[in-house]
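The values are calculated or read from the model by the stated rules, or taken from the named source; none is laboratory data. Since this is a predicted model, take the numbers as computed values, not measurements. Cβ coordinates were reconstructed from backbone atoms using ideal geometry, including for glycine residues, and neighbour counts include every protein chain displayed.
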Amino acid sequence: MSNTPDGLKYAKTHEWVKDNGDGTVTVGISDHAQELLGDLVFVELPEAGSDIAAGDEIAVVESVKAASDIYSPLSGKILGINEVLNDAPESINDSPYEEGWLFTLKITDKSELDALMDADAYTKHAQDEEH
Amino acid sequence: MDKKTILNQTHHDLGARMVPFGGWDMPVHYGSQIEEHHAIRQHAGMFDVSHMQIIDLKGSDCKRYLRHLLANDVGKLKSTGRALYSCMLNSQGGVIDDLIVYFMDETWYRIVVNASTAQKDLGWIMEQVGVFGVEVLPRSDMAMIAVQGPKAIELTLPLLNEELREAAAELKPFSAVWDPSWFVARTGYTGEDGFEILLPQGDCVALWNDLADAGVRPCGLGARDTLRLEAGMNLYGQDMDETTTPLASGLGWTVALKPEERSFIGRGALEKQKKEGIPQQLVGLVLEGRGILRSHQKLYAADKQIGEITSGGFSPTLERSIALARIETGSPHGVDVEMRGKRLPVKVVKYPFVRHGKLATKL
């Protein structure tokens, strides 16, 4: 069974969002998503400083199987990216919620956070997609 | 409903991620495709390849029939147990399938064809029998396990019965031994040493479990694909199909145009293509920068499209992306691949990329 920590928010497209409480969030992909993708071998991250809107394609993760677009769950400005992933994309498989984070974002619209799913709703969403 | 091999429940019990493949429910990996890949390069791993179709051909005309049916010449098989890789062509020289044929005796040959093309192949093989005295016997009663890797043979031998073990220990590459129920061939699809074992379905799960107990790692079709790509082995449906000839698919070495009097299906078309010039070739590619080469990505030289990738992916052994590609004949310089709207430089290299665990080309 995939690990879906409480306290995070989740998007339908399998990104997780951690509210850092200071107007910034950290974004990654869920354990369920990395399991579906298989071993990750390449990550293309956005540039720090770029402005993005919720739903924008802003990163690409490629596994041994396929390339997969990552969508920004929220609008804002990219603050930082996880440079470790350039050399160690497998961090996403090993630790999707800690070492495998993708980028941090200064959000522009806090209400977008409320539209995301909690852990229970996301678990159900992921199960529905499987069947 | 996808078909299930005799090992299907075993795969589920091992926690495999299952996918549909050629009409079968097959394991793509059991946790980590990359670790499975390394297990075969460095130690030993095994695949359930029971979805592949085993066909026995029996009768006094077997040899004559196969010399007509196949682009390679079974006449090269001088002693029993020897194996030959060949394409089976249509009259236009297109590849219906690639296969391995084993010479069992003067009236018995065994062939193994791909799962996804099995029905088409059987139809074609039966259709071509015509007046030849040949019986076509699909062996759906048998299962097949491929054990591959530098330790594969050493770990497998103790699990064979005594008589078979002694004979299998002496096997040369591309040859096989058998008893009335088991068949052991020193063949594979990974670029490593190992065995392919064809056996009654009833014996299969026990052998799989014994191999696992001996330290042979279960590996899925995902690792099988990256291993064969590194080994520079074509995959039917990707690197060649009915619209391409073996000559334009890097498989010229499998076409026996000599002796000239052997008239096999597709011969005329191949001779014509050879005379007029083979328009395309299969080459190896290495991506110089970051990213992953994938099939159908387009290739350019000096802004002119010269072909596309037929098989691409990440090479766990080389830790970079490699591919096979079909491009115009010639030696192009400055080849770029188009990846998500961007052009990135690739290097054209000789393949195989990897053999027996080591780099086999110049990067």
Out of B:GLY291, B:GLY252, B:GLY215, B:GLY232, I need the residue that is more than 30 Å from B:LEU157 (Cα to Cα) and away from every other protein chain (no Cβ under 14 Å). Which one? B:GLY252
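In this structure, is B:PHE264 within 15 Å of the chain's Cα centre (by Cα), crowded, with 19+ Cβ neighbours inside 10 Å and within 23 Å of B:ASP105 (Cβ to Cβ)? Even if it seems obvious, please write down each step before you answer.
Numbers: within 15 Å of the chain's Cα centre (by Cα): no; crowded, with 19+ Cβ neighbours inside 10 Å: yes; within 23 Å of B:ASP105 (Cβ to Cβ): yes.
Spelling it out, it is not the case that B:PHE264 is within 15 Å of the chain's Cα centre (by Cα), crowded, with 19+ Cβ neighbours inside 10 Å and within 23 Å of B:ASP105 (Cβ to Cβ).
Table: residues versus (1) at positive phi; (2) within 14 Å of chain A (Cβ to nearest Cβ); (3) among the hydrophobic types (A, V, I, L, M, F, W, C); (4) touching a helix residue (DSSP H, G or I) at 6+ places or on another chain (Cβ under 8 Å).
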site	(1), (2), (3), (4)
B:ILE327	no, no, yes, no
B:GLY330	yes, no, no, no
B:GLY334	yes, no, no, no
B:GLU338	no, yes, no, no
B:VAL346	no, no, yes, no
B:ALA360	no, no, yes, no
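Take B:GLU288 and tell me if it is among the acidic types (Asp, Glu) and out of contact with any Pro (no Cβ under 7 Å at 6 or more places or on another chain). Before the answer, list the steps.
Numbers: among the acidic types (Asp, Glu): yes; out of contact with any Pro (no Cβ under 7 Å at 6 or more places or on another chain): no.
No; evaluated as a whole, the condition is false for this residue.
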Would you check if there is a residue in segment A:63-74 being within 14 Å of chain B (Cβ to nearest Cβ) and over 20 Å from B:HIS29 (Cα atoms)? yes
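Any chance you could count how many residues in segment A:28-42 are surrounded by fewer than 23 Cβ atoms within 10 Å (Cβ to Cβ) and either of a type in the set (A, V, I, L, M) or touching a His at 6+ places or on another chain (Cβ under 6 Å) (or both)? Even if it seems obvious, please write down each step before you answer.
Of the residues in segment A:28-42, the ones surrounded by fewer than 23 Cβ atoms within 10 Å (Cβ to Cβ) are A:31, A:33, A:35-38, A:42.
Cutting the leftovers down to either of a type in the set (A, V, I, L, M) or touching a His at 6+ places or on another chain (Cβ under 6 Å) (or both) gives us A:33, A:36-37.
Of the residues in that region, 3 qualify.
Does segment A:70-110 hold any residues that are among the acidic types (Asp, Glu) and either in contact with a Cys (Cβ under 9 Å, 6 or more places away or on another chain) or modelled with pLDDT of 95 or more (or both), and which are they? Write out each step before concluding.
As a first pass, look at segment A:70-110 and keep what is among the acidic types (Asp, Glu): A:83, A:87, A:90, A:94, A:98-99, A:109.
Once the filter is applied, which keeps residues that are among the acidic types (Asp, Glu) and either in contact with a Cys (Cβ under 9 Å, 6 or more places away or on another chain) or modelled with pLDDT of 95 or more (or both), segment A:70-110 yields A:GLU83, A:GLU90, A:ASP94, A:GLU98, A:GLU99.
For segment B:223-275, enumerate the residues that are of a type in the set (S, T, N, Q) and out of contact with any helix residue (DSSP H, G or I) (no Cβ under 9 Å at 6 or more places or on another chain). Step through it out loud before you land on a result.
Restricting attention to segment B:223-275, the residues satisfying the condition of being of a type in the set (S, T, N, Q) are B:226, B:234, B:238, B:243-245, B:249, B:254, B:263, B:273.
Passing the criteria: B:GLN238, B:THR243, B:THR244, B:SER249.
So, A:LEU36, is that one out of contact with any Phe, Trp or Tyr (no Cβ under 6 Å at 6 or more places or on another chain), at pLDDT 95 or above and of a type outside the set (Phe, Trp, Tyr) or not?
Working: out of contact with any Phe, Trp or Tyr (no Cβ under 6 Å at 6 or more places or on another chain): yes; at pLDDT 95 or above: no; of a type outside the set (Phe, Trp, Tyr): yes.
No, not satisfied.
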Where B:VAL337 falls short, out of the listed (1) under 25 Å from the mean Cα position of the chain (by Cα); (2) under 27 Å from B:ARG224 (Cα atoms): (1)
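Take residues that are within 14 Å of another protein chain (Cβ to nearest Cβ) and tell me which of the strands (runs of 3 or more DSSP E) falling wholly in segment A:1-47 contain 3 or more. Spell out how you get there, then give the answer.
On the way: elements: A:15-19, A:24-29, A:40-44.
The strands (runs of 3 or more DSSP E) meeting that bar are A:40-44.
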Can you name the residue in segment B:291-302 that is more than 21 Å from the chain's Cα centre (by Cα) and either of a type in the set (Val, Ile, Thr) or surrounded by fewer than 16 Cβ atoms within 10 Å (Cβ to Cβ) (or both) and is also nearest to B:GLY313 (Cα to Cα) among such residues? B:ILE292
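Do you know which of the residues in segment A:48-62 that are within 14 Å of chain B (Cβ to nearest Cβ) and of a type in the set (D, E, K, R) is surrounded by the most Cβ atoms within 10 Å (Cβ to Cβ)? Steps first, please.
Quick first cut of segment A:48-62, residues within 14 Å of chain B (Cβ to nearest Cβ) only: A:57-62.
In the following step, the residues that additionally are of a type in the set (D, E, K, R) were identified as A:57, A:62.
Working: A:GLU57: 13, A:GLU62: 22.
Once the filter is applied, the top-ranked residue is A:GLU62.
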Residue check for B:TYR351: away from chain A (no Cβ under 14 Å), outside any strand (DSSP E or B) and touching a residue at least 12 places away in the same chain (Cβ under 8 Å): yes
Which condition from (1) under 16 Å from B:ARG340 (Cβ atoms); (2) surrounded by fewer than 17 Cβ atoms within 10 Å (Cβ to Cβ); (3) touching a strand residue (DSSP E or B) at 6+ places or on another chain (Cβ under 7 Å) is the one that A:ALA66 breaks? (3)
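Could you grab me the full set of residues in segment A:68-82 that are in contact (Cβ under 8 Å) with a residue 24 or more places away in the chain and not small (Gly, Ala, Ser)?
Narrowing segment A:68-82 to residues in contact (Cβ under 8 Å) with a residue 24 or more places away in the chain: A:68, A:70-82.
Once the filter is applied, which keeps residues that are in contact (Cβ under 8 Å) with a residue 24 or more places away in the chain and not small (Gly, Ala, Ser), segment A:68-82 yields A:ILE70, A:TYR71, A:PRO73, A:LEU74, A:LYS77, A:ILE78, A:LEU79, A:ILE81, A:ASN82.
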Find the residue count for segment B:274-289, including only residues that are touching a residue at least 60 places away in the same chain (Cβ under 8 Å) and surrounded by fewer than 18 Cβ atoms within 10 Å (Cβ to Cβ). 0
Hits in segment B:107-137 (condition: in a strand (DSSP E or B) and more than 19 Å from the chain's Cα centre (by Cα)): B:TRP108, B:GLU135, B:VAL136, B:LEU137
Residues of segment A:55-105 being at positive phi and part of a strand (DSSP E or B), which ones? A:GLY76
